[in-house]
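Working notes, structure below.
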Amino acid sequence: MTLNKIEEDIQELVVRYRPIIAFRVRKALGAQNVDCEDLVSEILSQVLEKIQSGEFRGESSLGTFVYTITSRRIVDYIREKSKVMKYAPEPHPHPDPQETLEAQEMSERVKKALGFLKPKYRDVLYLYYYQELSREEVANRLGISPRKVSELVNYALKLIRKELKI
Amino acid sequence: MRKCKFEDFIDGYLLNRLSERDKEAFEEHYFNCSSCFEKLQERDVIIRTIKNHPELLITEKTEARVPLLATLKKEVRAFFTPRQLVLAGLTALLVLVVIFVIVPRNQAPAPNFFLTDEETVRGSSITLISPVIDMNQIPSSFEWKKLGENIEYQVSIFNHQLLWKATTKENRITLPEEVKAKMVPGEKYSWQVKAFSPDGTLIAVSSRVQFKIAAQ
C-alpha cells in the first residue's frame with residue numbers, strides 16, 4: 001500500500017467518523033462541555049493508532065470498532081471527571097461548539113419552515129418536542145388518537161425537510 | 001426506499017426515552033448506518049431549534065385548545081381507573097333513574113276531593129279574595145272564591161293562635177263585632193279557609209294569608 005493510499009484512507013476515515021464521534025460525545029457529555037472537541041480528536045487518534053497497529057482485524061464492522069473505542073473513552077472521561085470534579089469548580093458555560101456556521105444556517109432554515117407550518121402541526125410539534133409529552137399525552141391534550149399524533153409529527157417533519165432541501 | 005427499523009429510535013434517543021439497551025444498540029447502529037446518522041443530525045437540529053425557539057410554535061390555540069375538555073378528561077382519567085369510571089357512570093345513571101323515575105312514581109298524587117258522584121275537585125286550592133293585603137281598618141268581612149254548590153267552608157283567623165273559627169255555606173263571612181273588638185290595629189293576622197263536602201269530607205284548603213291592620 002502506497003503512502004498516498006494510506007493518507008487517503010485516513011482522510012476518508014476522519015471525514016466519515018469525526019461527525020459521528022462528535023455527535024456521540026456531545027450527547028454523552030453535553031454540548032457545552034469544553035472538553036468535547038479535545039476528546040473527539042483523542043478518540044480519532046486512538047482509532048487510527050489501533051488500525052495501524054493491526055488491532056482492528058475486521059471481526060466486526062469498522063463502525064462498531066469506532067463505536068466501541070468512543071464509548072470506552074467516554075466512560076473513562078466520566079470516571080476521571082467525577083474524581084476531579086469533587087474538588088474543582090464548575091466550568092463556565094461555553095458556546096455550543098456544534099453551532100457551526102452550517103448548523104446555524106440549518107437552524108435558520110428550520111425556523112423559517114416552522115413559521116410556514118399550519119397551526120395543527122405547530123401545536124403537535126410544540127407538545128411533542130418542546131414539552132416532551134409522550135404520543136399518548138399529546139393525543140389526550142389535543143383530543144385526537146395517538147396514531148393521528150404520529151401522522152401529524154411525521155408530516156410536519158416531512159414539510160420541514162422539504163424546506164431544508166430547497 | 002425501505003425504511004431502516006432504527007429510524008423509529010431517533011426521537012426516543014434525542015428525547016432520552018430509550019432503555020439503556022436500545023440506546024446502545026442505536027448508537028452502535030448509527031456508527032454503521034450513514035443514512036440513520038444523517039437523519040439523526042437533521043432531527044437533532046430540528047429539535048434544538050424548537051427547544052430554543054418555542055415561540056415559533058405557539059399558536060393562539062396551543063394554550064386555549066382543548067384544555068378545558070381534554071384537561072377535564074385527563075383529570076378524570078388520572079383520578080379513576082377505567083373500572084372506577086364505569087362504576088361511577090353506572091352509579092350516576094342509577095341516581096338519575098331514582099330521581100326522575102322512581103321517586104315521582106312513589107309520590108302521593110294530589111288529593112282528589114269528591115263533591116258529588118259527577119263533580120270532583122283536585123285538592124288543595126281555595127283562592128282567597130279579601131283581605132290579602134294590609135288593611136287600613138279592621139276588616140268587616142272575609143271573602144274567597146266559590147268552589148261549588150253545597151260546600152261548607154270553615155274560616156279560621158289567627159294572630160299568634162286561633163282567634164276565631166266559623167263555618168258558612170257562602171263564599172264570604174261577616175266578622176262578628178266581638179271578634180272585631182279583639183283585633184288590634186298595628187297587629188298582624190292571618191286567615192285560612194277549608195272546604196268540606198256535604199258528608200263532611202275535607203275537599204280543599206286555602207293557603208294561610210297574612211294581613212296587617214294599619215296602626216291608627
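A few points about this structure:
- Selection within the range A:60-105 - basic (Lys, Arg) and either modelled with pLDDT under 90 or open to solvent by less than 70 Å² (accessible area, probe 1.4 Å) (or both): A:Arg73, A:Arg79, A:Lys81, A:Lys83, A:Lys86
- Subset of the range B:161-180 (residues that are touching an Asp or Glu at 6+ places or on another chain (Cβ under 7 Å) and not β-branched (Val, Ile, Thr)): B:Lys169, B:Asn171, B:Arg172
- Number of the exception - A:Gly115 against (1) loosely packed, with under 14 Cβ neighbours inside 10 Å; (2) over 16 Å from B:Thr49 (Cβ atoms); (3) within 10 Å of chain B (Cβ to nearest Cβ): (2)
- Total residues in the range B:27-39, condition open to solvent by less than 10 Å² (accessible area, probe 1.4 Å) and at the interface with another protein chain (Cβ under 7 Å from one of its Cβ atoms): 3
- Among (1) in contact (Cβ under 8 Å) with a residue 12 or more places away in the chain; (2) farther than 15 Å from A:Lys158 by Cα, the one test that B:Arg43 misses: (2)
- Pair list, Cβ under 7 Å, 6 or more apart: the range A:151-166 residue away from chain B (no Cβ under 12 Å), other residue of a type in the set (D, E, K, R): A:Leu152/A:Lys120
- Residue that is modelled with the lowest pLDDT [pool: residues in the range B:73-83 that are more than 11 Å from every other protein chain (Cβ to nearest Cβ) and open to solvent by 90 Å² or more (accessible area, probe 1.4 Å)]: B:Phe79
- Tally, over the range B:123-169, of residues that are acidic (Asp, Glu) and in a loop (DSSP other than H, G, I, E, B): 2
- Test result for B:Val193, aliphatic (A, V, I, L, M), free of Cβ contacts under 8 Å to residues at least 60 places away in the same chain and in the same structural domain as B:Ser125 (by TED's automatic domain parsing): no
- The one condition from (1) touching a residue at least 24 places away in the same chain (Cβ under 8 Å); (2) in a helix (DSSP H, G or I); (3) open to solvent by less than 70 Å² (accessible area, probe 1.4 Å) that A:Ala31 does not meet is (2).
- Test: residue in the range A:6-13 that is open to solvent by less than 40 Å² (accessible area, probe 1.4 Å) and modelled with pLDDT under 90: yes
- Of residues in the range A:101-112 being free of Cβ contacts under 8 Å to residues at least 12 places away in the same chain and facing chain B (nearest Cβ under 9 Å), the one farthest from A:Ala156 (Cα to Cα): A:Ala103
- Number of the exception - B:Arg17 against (1) of a type outside the set (Asp, Glu); (2) within 11 Å of chain A (Cβ to nearest Cβ); (3) in a helix (DSSP H, G or I): (3)
The values are calculated or read from the model by the stated rules, or taken from the named source; none is laboratory data. Just so it is clear, the structure is predicted and the values come from calculations on it, not from any experiment. With ideal geometry, Cβ positions are generated from the backbone for all residues, glycine too; neighbour counts draw on all protein chains shown. Surface areas here come from the heavy atoms of the whole protein model, side chains and all, with no ligands, DNA or RNA. Shrake-Rupley method; radii C 1.70, N 1.55, O 1.52, S 1.80 Å.
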